[in-house]
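The block underneath contains the structure these notes are about, expressed in structure tokens.
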Amino acid sequence: MIVKIPATSANLGPGFDCLGLALQLYNSIKVEVGQPFQISLTGTYSEGISTDESNLVWRTMCHLWASIDYPTPSVALTLENHIPPARGLGSSSAAIVGGLVAANALAGSPLTKLELLQIANTLEGHPDNVTPALYGGITLSIPTEEGILPRVLGQARSLKAVVLIPDLRLKTEKARGILPPQVSRQEAVFNISHVGLLIDAFIREEYSLLKEGMRDMLHQNQRAVLIPGLLATLEAALNAGAYGAALSGSGPTLIALIPETLKISVGHAMLNIMEQHGTKAQTIVLDIDTCGAEYSISQ
Ligand code: HSE
């Protein structure tokens, strides 16, 4: 079995801990049943990933099997990683979602996608990456008394994402740790209204509204101290014609949503400003993933 899981970009500006989208950049998990336990790593990013029983994909698989009383099978895993870790592109969500989808499929799929989402949210801590990783597209995650209510707002097939990945790692805990524990009413109203506009823009596919809709007061300015060039690079993306631009998750990656025609110029403009601030980076242009995590079985 092979499970393919998309990278994700959370927040999209004002949608702190609730908005996110899936990108066509994938990790995959190959599962060979009946083999002695082994975890092999391949792909662009393997450094620092454990290959023993502490591996996050494996621990997540075991968690799911334990929760449904399914006996742990002997499997060999090959993890192919193309999502850069600790960059704000959902690599840990991809590990958790991939582990859950693989373990559930091996057990005969007793759990629904919605049930997998609840487990993923409990393990990850916030739903804005796990929802798009499971469902694809642009998603809103609503915390309710019954758990996370996921909504897919659109698939934005005509949008491209310029993703600028700085050459520095930033752990989500550190990027959350610098945020003040309380927000003012003015900041709350600003973000509530801008999330409303953003949802409207995605549902109607009126991307000219993204420039205003992706503005934020709750976390981006505050996090700029950790990412030299953050605010100037977002500004450069807008000046080069991007529909909208934001910090990707808790960073340090930045994302600009653009029409296809601007994929070279927006990337250059962003890279130029980021490097002027002394931060080396690379850009890639990606489509939105519309499917979320999927598995296939080969005989
Ligand atoms: N929304 C989180 C944050 C990151 O900005 O801290 C992804 O869950």
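The values are calculated or read from the model by the stated rules, or taken from the named source; none is laboratory data. Note that this is a predicted model, so its numbers are computed, not measured. No Cβ is skipped: glycine too gets one built from the backbone with ideal geometry, and neighbour counts run over all protein chains shown.
Worth pointing out:
- Residues satisfying the stated conditions in region 241-299, i.e. within 16 Å of the ligand (Cβ to nearest atom) and small (Gly, Ala, Ser): Ala245, Ala246, Ser248, Gly249, Ser250, Gly251
- With respect to the conditions (1) in a strand (DSSP E or B); (2) more than 20 Å from the chain's Cα centre (by Cα), Ile5 lacks only one, and its number is (2).
- Output for region 115-140, where each listed residue is within 22 Å of Ala103 (Cβ to Cβ) and either part of a strand (DSSP E or B) or more than 15 Å from the ligand (Cβ to nearest atom) (or both): Glu115, Leu116, Gln118, Ile119, Tyr135, Gly136
- The selection criterion, being buried (at least 16 other Cβ atoms within 10 Å of the Cβ), within 16 Å of the ligand (Cβ to nearest atom), in a loop (DSSP other than H, G, I, E, B) and not assigned by TED's automatic domain parsing to the domain that holds Gly13, holds for Leu170.
- Matching residues in region 143-167 - criterion: being buried (at least 17 other Cβ atoms within 10 Å of the Cβ) and assigned to a loop (DSSP other than H, G, I, E, B): Gln155, Ala156
- Exactly one residue out of Ala156, Ala161 is of a type in the set (Gly, Ala, Ser), touching a Phe, Trp or Tyr at 6+ places or on another chain (Cβ under 7 Å), touching a residue at least 60 places away in the same chain (Cβ under 8 Å) and more than 15 Å from the ligand (Cβ to nearest atom), and it is Ala156.
- Residues that are surrounded by 24 or more Cβ atoms within 10 Å (Cβ to Cβ) and aliphatic (A, V, I, L, M) number at least 3 in the following strands (runs of 3 or more DSSP E) confined to region 17-104: 19-33.
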